[in-house]
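Step one of this worksheet: look at the structure below.
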Amino acid sequence: MTKRYQEYPEYKNSGVEWLGNIPKSWNSIKFGLTNASAILGGNYLAGEGEEGVPLIKMGNLGRGHVNLNKVEYLPVGESYDESFLLKDGDFLFNTRNSLNLVGKVSIWRNELPKALYNSNILKISFNKSFVDSSKYMNYLFNSSLGLSQLSLIAKGTTSVAAIYYKELKSLVFMLPPAKEQQKIANFLDHETAKIDTLIAKQEKLIALLKEKRQAVISHAVTRGLNPNAPMKNSGVEWLGKVPEHWVVTPIKHIVELTPKKSKIHDKKELKCSFVPMDKLKKDSLVLDESKLISEVYDGYTYFENEDVLIAKVTPCFENKNMVVARSLTNGIGFGSSEIYVLRTNESVINDFLYYRLQEDAFMDIATAAMTGAGGLKRVPADVITNFAMALPPEHEQMEIIGFLQKRLNQLDSLSDKAKSAIELIKERKIALISAAVTGKIDVRNWQEM
């Protein structure tokens with residue numbers, strides 16, 4: 001980092017062990033000595049709907065920015081104190097949350113014409129004699145140095161923790177001269193915007209690769225690999241035309257749904273793999289637990305090697321948490337009752353069925369048919385068993401499986417490289433911010449190009 005940017009010509013001992021040396025013109029100072037003032041937000045309750053005054057709550061504070069994806073509203077007609085209305089540039093501090101989220105700091109940028117901030121958020125106003133730019137403080141508190149110091153004063157447990165203003169006031173940090181604070185903030189605004197653009201490009205690439213992956217699966221399992229194959233009307237409206245020699249059949253004619261476990265009744269003394277719901281992922285099964293079959297025989301879903309497993313409950317189903325079970329202990333597994341087990345007969349290869357069930361039409365139909373409320377919605381069993389699919393001959397199923405495995409591996413490899421690139425770019429962003437706010441680099445002469 002320092003190779004690309006100049007260091008300050010002179011440094012001095014900060015007098016604080018963990019701060020180390022700081023630029024000669026900088027000071028180490030307690031937060032409370034900046035004459036900053038803080039007002040805790042109002043205790044307002046949100047109503048239903050999206051009318052009234054928006055409420056910015058602790059869940060809306062991100063690292064450096066305010067997240068407006070899930071904004072709640074104070075109902076129309078409810079009275080409020082105008083001192084809790086946000087103004088452009090307000091510095092917001094999250095005082096209570098889980099241990100890894102408490103201490104989030106954001107700046108309000110007039111994202112909405114009017115908004116209140118709620119309880120558990122401190123609005124901090126800085127004395128201009130000390131802090132000229134709340135943007136600088138935003139970068140400082142969201143740097144690795146700032147986050148580490150905030151974690152030291154957080155009180156509570158992993159699930160519920162708090163940072164109290166009296167501890168915050170005793171926090172020591174490094175403070176450049178006022179003009180330099182603004183310069184550092186402008187430099188970081190410019191450079192991090194460029195970095196964020198690079199991240200956005202990689203994220204767009206990942207999204208495009210995901211779309212391509214889905215398109216490749218959909219075409220292969222519904223149209224086959226031969227573009228010149230004669231086609232016929234499938235007789236199923238959403239399926240349309242399929243290769244002439246493929247057989248259209250409901251799934252119930254080619255699979256056994258939820259096989260009976262009576263066949264392993266005499267194997268209860270054996271160990272088996274145990275799979276809670278959270279260990280069934282898309283194309284993977286986490287097999288780090290085993291139990292005696294006798295311990296799980298009652299109350300859990302039974303399956304064996306080569307069975308197709310599908311999550312039946314939202315949001316796991318929509319996330320396509322499904323897999324062909326393999327490498328089970330003694331070839332046997334038990335898992336959550338929220339898992340459907342499909343055991344194929346000789347007319348269909350399990351891997352072909354696995355890919356077929358990832359196709360958009362099946363996912364859309366099954367999702368629309370879910371019953372239940374909220375996070376407890378499930379796909380009814382008859383939706384799966386009555387789903388009609390076009391089935392190619394066995395040799396063609398094998399060809400499609402081989403093609404998909406090779407092509408999807410290529411697309412997944414490209415996606416993994418893009419994800420790795422994002423992580424490296426994010427690391428560079430963190431390092432750049434930390435270097436600037438701790439005086440490791442000198443940006444006083446920086447000019448926006």
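If you take the residues in segment 315-331 that are within 16 Å of the chain's Cα centre (by Cα) and in contact (Cβ under 8 Å) with a residue 40 or more places away in the chain, which one is surrounded by the fewest Cβ atoms within 10 Å (Cβ to Cβ)?
Among those that are within 16 Å of the chain's Cα centre (by Cα) and in contact (Cβ under 8 Å) with a residue 40 or more places away in the chain, it is Pro315.
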**Asked** Counting only residues that are touching an Asp or Glu at 6+ places or on another chain (Cβ under 9 Å) and assigned to a loop (DSSP other than H, G, I, E, B), which one in segment 17-37 is nearest to Lys166 (Cα to Cα)?
**Response** Trp26
**Request:** For residues that are touching a residue at least 60 places away in the same chain (Cβ under 8 Å) and either β-branched (Val, Ile, Thr) or in contact with a helix residue (DSSP H, G or I) (Cβ under 9 Å, 6 or more places away or on another chain) (or both), tally how many sit in segment 397-424.
**Result:** 13
**In segment 253-278, the residues that are within 25 Å of Gly375 (Cβ to Cβ), assigned to a helix (DSSP H, G or I) and touching a residue at least 40 places away in the same chain (Cβ under 8 Å)** = Met277
**Item:** Count of segment 98-111 residues which are within 11 Å of Asp88 (Cβ to Cβ) and in a loop (DSSP other than H, G, I, E, B)
**Value:** 4
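Results for (1) assigned by TED's automatic domain parsing to the domain that holds Tyr80; (2) under 22 Å from Trp108 (Cβ atoms), shown as yes or no for each residue.
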{"site": "Lys123", "(1), (2)": "yes, yes"}
{"site": "Lys128", "(1), (2)": "yes, yes"}
{"site": "Ser144", "(1), (2)": "yes, no"}
{"site": "Leu198", "(1), (2)": "no, no"}
{"site": "Ala215", "(1), (2)": "no, no"}
**Complete:** Checked Ala366, Ala390, Ala361 against criteria (small (Gly, Ala, Ser), under 26 Å from Val248 (Cα atoms), in a helix (DSSP H, G or I) and touching a Leu at 6+ places or on another chain (Cβ under 8 Å)); the one match is Ala361
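Residue-by-condition table, conditions (1) surrounded by fewer than 13 Cβ atoms within 10 Å (Cβ to Cβ); (2) within 15 Å of Val323 (Cα to Cα); (3) in contact with a His (Cβ under 8 Å, 6 or more places away or on another chain); (4) of a type in the set (Ser, Thr, Tyr):
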| site | (1), (2), (3), (4) |
| --- | --- |
| Ser262 | yes, no, no, yes |
| Asp266 | yes, no, no, no |
| Pro276 | no, yes, no, no |
| Asp283 | no, yes, no, no |
| Leu287 | no, yes, no, no |
| Ser290 | no, no, no, yes |
| Glu295 | no, no, no, no |
| Asp298 | yes, no, no, no |
| Phe303 | no, yes, no, no |
**Fill in**
Note on segment 309-358: residues assigned to a helix (DSSP H, G or I) and farther than 19 Å from Asp382 by Cα are Thr329, Asn330, Gly331, Asn350, Asp351, Phe352, Tyr355
**Prompt:** Which condition number does Asp364 fail, the rest of (1) free of Cβ contacts under 8 Å to residues at least 24 places away in the same chain; (2) buried (at least 17 other Cβ atoms within 10 Å of the Cβ) being met?
**Reply:** (2)
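The values are calculated or read from the model by the stated rules, or taken from the named source; none is laboratory data. For clarity, every value in this text was computed on a predicted model and none was experimentally measured. Please note: Cβ atoms are built from the backbone with ideal geometry, for glycine as well, and neighbour counts cover all protein chains shown.
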